[in-house]
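The values are calculated or read from the model by the stated rules, or taken from the named source; none is laboratory data. Since the model is a prediction, treat every value here as computed from it, not as a measurement. Cβ coordinates were reconstructed from backbone atoms using ideal geometry, including for glycine residues, and neighbour counts include every protein chain displayed. Areas reflect the complete protein model, heavy atoms only, side chains present, ligands, DNA and RNA absent. Shrake-Rupley method; radii C 1.70, N 1.55, O 1.52, S 1.80 Å.
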Amino acid sequence: MQKSSTCSFMYGELTEKETCEKVRQTFENYEINSFELLMYKKNRMPVWFFVKIAPIRNEQDKVVLFLCTFSDITAFKQPIEDDSSKGWGKFARLTRALTSSRGVLHQLAPTVHKGESVHKQSRLAEVLQLGSDILPQYKQEAPKTPPHIILHYCTFKTTWDWVILILTFYTAIMVPYNVSFKTKQNNVTWLVVDSIVDVIFLVDIVLNFHTTFVGPAGEVISDPKLIRMNYVKTWFVIDLLSCLPYDVINAFENVDEGISSLFSSLKVVRLLRLGRVARKLDHYIEYGAAVLLLLVCVFGLAAHWLACIWYSIGDYEVINGANHLLRRTSWLYLLGEAAGTPYRFNVSGTEMWEGGPSKDSVYITSLYFTMTSLTSIGFGNIAPTTDAEKIFAVAMMMIGCEVILINYMYW
């Protein structure tokens, strides 16, 4: 069992070197091929074999093993001289070889049932052709599960996991934006979309209670009780918090601002679902293009999160909390002046600062600043002025240096 599949230990002086090289290349290139090969037994007796090699692929189209079939065709080749047949004539030696290989001939002959017609072609050609009707289909046998249990690798569950993956990325983009910019989902369209996402996450919880998982020993666990216990101990709490309808609650106008901010902050828990996404992406790490695309997505997502944090810091410090005066050195104040939408103090009404740049302009500017800080040291047109902004800018530059070093070491 520890020998090579090429059976090179059975080669001898009359074994053709060309055929041996073809056998080796067939294994290396995962090809389907067949050869006539002369090999030797332990007693140095030569035997002709017809070798058929076929790679067996799994559901992911990866070669997991080779099917190698060795058929003894010594009877069909020119009889080879040995000590026991010395002095015999050529016809006598052929008769002896055919008689001793009667079992081989019976094995090579195709089975014919009553009523079936036999094609007039060589029996050897029929048996030795490498077709799909001869090669067995090796597939993973689906374990027996209760009717309400779903296999975690079935087509439906795989498609469903990709839907959850896309919605998780959507959540990872929208949640930081909504929390930082304190947006209330008054737009009915976006409110309906977010509600549908919440419902899908809720359905995902129900499905996870009825989906098999792989145990510590590599076996598929299909016991409903064990499935429920495993899910409750792992991802149930996070998934439950992520599917609560926070946007529907924040959509009401009479909700207290503190409660609304609390619900908006709890939406950040949804980002923990990215841990489940990372486990699914492990399958694609071996592909260079997939790794490059993954790095671009992670970089863009990190820049988006940092942009939301950068705006939150600027929005908190643009107005001095002690004397309610406007910081005229803040990047938000300068952006409002440049965009023609300056801050103004409402004397007759709320007695608070109003106006300022639009949210679209603020987000694009924040994203521009985080991108330049991660990839370089910035251009100075947007600069931190307060201590908190400076500390955050330094942290971004350090993150950018680490990302560059990781990419350089990887490539």
*Determine the pairs where a residue that is surrounded by 15 or more Cβ atoms within 10 Å (Cβ to Cβ), located within the range 1-25, has a partner that is assigned to a helix (DSSP H, G or I) with Cβ atoms under 8 Å apart, the partner being 6 or more residues away or on another chain.*
T6/C20; T6/V23; T6/R24; T6/F27; Y11/C20; C20/S8
_Take I399 and tell me if it is open to solvent by less than 90 Å² (accessible area, probe 1.4 Å), more than 19 Å from V179 (Cα to Cα) and touching a helix residue (DSSP H, G or I) at 6+ places or on another chain (Cβ under 7 Å)._
yes
*Being under 34 Å from the mean Cα position of the chain (by Cα) and among the small types (G, A, S) is the filter; apply it to the range 355-383 and report the residue that is surrounded by the most Cβ atoms within 10 Å (Cβ to Cβ).*
S366
*Tell me, which residue of the range 208-250 that is without any contact (Cβ under 8 Å) to a residue 12 or more places away in the chain and closer than 21 Å to T158 by Cα is surrounded by the fewest Cβ atoms within 10 Å (Cβ to Cβ)?*
G218
*Starting from residues that are of a type in the set (D, E, K, R) and under 45 Å from the mean Cα position of the chain (by Cα), keep the ones in the range 37-59 and report whichever is surrounded by the most Cβ atoms within 10 Å (Cβ to Cβ).*
K52
_E354 vs. criteria charged (D, E, K, R) and out of contact with any helix residue (DSSP H, G or I) (no Cβ under 9 Å at 6 or more places or on another chain)_ = yes
*Any idea which of (1) assigned by the TED database to the domain that holds D315; (2) open to solvent by 20 Å² or more (accessible area, probe 1.4 Å); (3) modelled with pLDDT of 85 or more is the one H148 doesn't satisfy?*
(1)
*asked:* Contact list please: Cβ distance under 7 Å, first residue in the range 57-71 and hydrophobic (A, V, I, L, M, F, W, C), second residue open to solvent by less than 80 Å² (accessible area, probe 1.4 Å) and not in a strand (DSSP E or B), pairs at least six apart or on different chains.
replied: V64/N58; F66/S5; F66/F27; L67/L135; C68/S5
_Whichever residue in the range 26-36 is among the hydrophobic types (A, V, I, L, M, F, W, C) and outside any strand (DSSP E or B) and, among such residues, is surrounded by the fewest Cβ atoms within 10 Å (Cβ to Cβ)_ = I32
